[in-house]
Structures are given as C-alpha cells and as structure tokens.
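Asks: Got a structure for you, questions after.
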Amino acid sequence: MRKLAAGNWKMNGTAASLTEVSALAQAHPAPACDMLLCPPATLIARMADVAKGTPVMIGGQDCHAKSSGAHTGDISAEMLLDSGASHVILGHSERRTDHAETDAQVLAKAEAAIKAGLIAIVCIGETEAERDAGRTLDVVGTQLHGSVPADATAATLVIAYEPVWAIGTGRTPTLAEIAEVHAFLRTRLTARIGVQAAGVRLLYGGSVKPSNATEIFAIPHVDGALVGGASLKAADFGAIVAALSAA
Ligand code: PEP
C-alpha cells in the first residue's frame, strides 16, 4: 500500500504561508509516499492552486454531515471538493473536545464525505486518564466502531490513531504501545469493514517530528502519520516525508 504523510495546519496559516507548499513540492517532486496538507478552510482553494501539478494533495479539517442548508459557519463535503480538496480530517480530538463531537456525528460526517467523493481521515485516540486506567484499547475500539462507516473501503477511508495526550505536547507513547494499538485497530477494522481493512492506511499522530519519524514508521501497521506542528514548515514536513518514503 502507498503510505500517507498528512499535515494538519489547524487554525494556522495565511496567504504568506503558501510559500511552504511550493517549497515542499519543489523539494519532493516524486516522493515514494502520498503527501497531503490540510490547511484552514480559508486557504484550501489557494493552496490547491499552488499545489496543482505537484504531488501535494489538499484536505479539509472538518465538514458538515449535510450537503447544504441553514448551517451558518459550516462547510459541506461538496464545498471542500469544489475548493480543490481530496481528503477531510474528521473527529480530530480538538473537535471532539471543543465542539463536543460524538462518534455518531463523526460517522455521519464520514458518510457524507465519502458520498461526496472525498477520502475520510477518521481520528480516534484515548486521553491520558483513559490510558492510565488501562482503557486505551476499549476506548479506541469503541470510537472506531462508532465513527467508521461499515461500507468504507481502502480507497475511501484512512484512520488516524492520535493519543490525545500526545498531540502538541512533545510526548509520544512507546513504540511498543503504538504497535499494540495499531495491530488492535487492524483487527477491529476487519471486524467492522471486512477484507478492505487490510488496505486502509492506519496513521499514527501525536508529536511526530523529523527526529522520531523513522522509528515510528518502522512499526508494523503504521502506514504514515498525521502531523500537526511539524507540518507547518516545509523543511520539517519534508523530512518526515523523506523518512516515510524510506520506510
Ligand atoms: C494533530 O494535530 O493531529 C497532531 C498530531 O499534532 P502534533 O503533531 O502537533 O502533535
């Protein structure tokens, strides 16, 4: 399977940041993995213009479950596609926390995204309290079952395992802990969507940076990364792309 390095710019970036995209594309004109950047919605169309004809793909960070209507401030999957996006991140822990998104809502968004023709990147992950209580596999198993459409395929779905306590903190699980969760997710995903699960990219996310990327990408069932802070600069994200290309 072709691996995926995905960058989540969160609420960062203005027109001045678009030079990072051209720098990334110039430095990695033919990587051995997929490259995706998910900027804030205000930049999607402009970033898609800059990325045209390069291997850099563009994604959104959320979408509404409906295709249009009276939902002030929201954006539909169709609108993301129309702006030049091919992917959308759904159920990121910051949205689950800041906007109280439930598994059922993430599922509805994922169904809408796939129906519109986007690839849905569904995020799951435990809090520190849940890990300390020994509930990690329970929590991610429940989130996966509740947020992943049963008819998703390797072509329409990506899963990002992101321990909440590892996001933006500089802390990561041990390699053995990541390996345990990813192997578990492959099994649970097979129970949810069947044989297609073998080809679904399982990304690890949470403080991935150039210095730890190689060891994380060597873990079985880690098929790429969802990267926050280190995706904002072409040099850092490019180093992660290079590590994934070499894995
Ligand atoms: C994220 O936002 O999905 C993320 C993993 O952030 P960071 O890489 O900054 O921890």
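The values are calculated or read from the model by the stated rules, or taken from the named source; none is laboratory data. Keep in mind it's a predicted model, so treat the numbers as computed, not measured. Here Cβ is always computed from backbone atoms with ideal geometry, including for glycine, and neighbour counts include all displayed protein chains. We work out accessible area using only protein heavy atoms, side chains counted, and drop any ligands, DNA or RNA first. Shrake-Rupley method; radii C 1.70, N 1.55, O 1.52, S 1.80 Å.
Asks: On a 24 Å Cα-Cα criterion, which of the cross-link pairs Lys3/Lys233; Lys3/Lys209; Lys66/Lys233; Lys52/Lys209; Lys10/Lys109; Lys109/Lys209 come out too long? Walk me through the intermediate numbers first.
Replies: Numbers: Lys3/Lys233 20 Å; Lys3/Lys209 17 Å; Lys66/Lys233 33 Å; Lys52/Lys209 26 Å; Lys10/Lys109 18 Å; Lys109/Lys209 29 Å.
Correct reply: Lys66/Lys233; Lys52/Lys209; Lys109/Lys209.
Asks: Multiply the residue gap between Ala129 and Thr169 by 0.36 nm, knock off their C-alpha separation, and tell me the result in nm, one decimal place.
Replies: Working: separation 40, 0.36 × 40 = 14.40 nm, distance 1.53 nm.
Taking Ala129 through Thr169 to full extension adds about 12.9 nm, to one decimal.
Asks: With the chain treated as a Gaussian network of Cα nodes joined by springs under 10 Å, which of Leu185, Leu202, Leu175 yields the largest mean-square fluctuation?
Replies: Per the Cα network of the chain with a 10 Å cutoff, Leu175 tops the list.
Asks: Ignoring any ligand, DNA or RNA, what whole percent of the accessible area of the chain comes from carbon and sulfur when the probe is 1.4 angstrom? Show your work: numbers first, answer last.
Replies: On the way: 5740 of 10340 Å².
Answer for the chain: carbon and sulfur cover 55 percent of the accessible area.
Asks: Where does each of 190-199, 6-15, 83-92 land if you order them by average Cβ count within 10 Å, highest first?
Replies: Working: 190-199: 15.0, 6-15: 18.2, 83-92: 23.8.
Highest-to-lowest ranking by the protection proxy: 83-92, 6-15, 190-199.
Asks: Which semi-axes, in whole Å and largest first, does the equivalent ellipsoid of segment 170-228 have when worked out from the alpha carbon gyration tensor as the square roots of 5 times its eigenvalues? Let's see the in-between values first.
Replies: Values: eigenvalues 98, 24, 16 Å².
Over the Cα atoms of segment 170-228, the semi-axes work out to 22, 11, 9 Å.
Asks: Could you work out, for segment 1-77, what percent of all Cα-Cα pairs fall into each 10 Å distance bin, beginning at 0 Å and stopping at the bin that holds the largest distance?
Replies: All Cα pairs, binned at 10 Å, distribute as 18, 47, 27, 8, 0 percent.
Asks: At 0.36 nm per residue, minus the direct Cα-Cα distance, what do Thr14 and Lys233 gain on full extension? Give it in nm, one decimal, please. Spell out each step's value before the answer.
Replies: On the way: separation 219, 0.36 × 219 = 78.84 nm, distance 1.32 nm.
Extending this stretch completely gives an extra 77.5 nm.
Asks: How much length is gained on full extension from Ser86 to Ala198, taking 0.36 nm per residue of separation minus their Cα-Cα distance? Please report the intermediate quantities before stating the final value.
Replies: On the way: separation 112, 0.36 × 112 = 40.32 nm, distance 2.16 nm.
Result for the pair: 38.2 nm of gain on full extension.
Asks: Then there's this: Tabulate in residue order the Karplus-calculated ³J(HN,Hα) for segment 45-61, using 6.51 cos²θ - 1.76 cosθ + 1.60 with θ = phi - 60°, rounded to whole Hz; enter x for Gly and Pro.
Replies: 5, 5, 5, 4, 5, 4, 7, 3, x, 10, x, 7, 9, 10, x, x, 10
Asks: Averaged per residue, what accessible surface does segment 64-130 expose to a 1.4 Å probe, in Å²?
Replies: I get 47 Å² per residue for segment 64-130.
Asks: If you don't mind, there's one more thing I want to ask. Starting from the Cα gyration tensor of segment 1-43, take the square roots of the eigenvalues, sort them a ≥ b ≥ c, and report rounded, prolate or oblate (rounded when a/c is under 1.5, otherwise prolate if a/b is larger than b/c, else oblate).
Replies: Working: a/c = 3.72, a/b = 1.52, b/c = 2.45.
Because a/c hits 1.5 or more and a/b fails to exceed b/c, segment 1-43 counts as oblate.
Asks: I need the semi-axes of the equivalent ellipsoid of the chain: take the C-alpha gyration tensor, multiply each eigenvalue by 5, square-root it, list largest first in whole angstrom. The partial results should precede the final answer.
Replies: Working: eigenvalues 120, 99, 55 Å².
They are 25, 22, 17 Å, listed from largest to smallest.
Asks: Compute the Rg/Rh shape ratio of segment 54-140: radius of gyration over Kirkwood radius, all on alpha-carbon atoms. Show your work: numbers first, answer last.
Replies: Working: Rg = 14.4 Å, Rh = 13.8 Å.
Reported Rg/Rh, Kirkwood definition of Rh: 1.04.
Asks: Follow-up question, since we're still on this one. With labels modelled as points extended 7 Å from the Cα through the Cβ direction, what inter-label distance (nm, one decimal) is found for Arg2 paired with Thr102?
Replies: 3.8 nm
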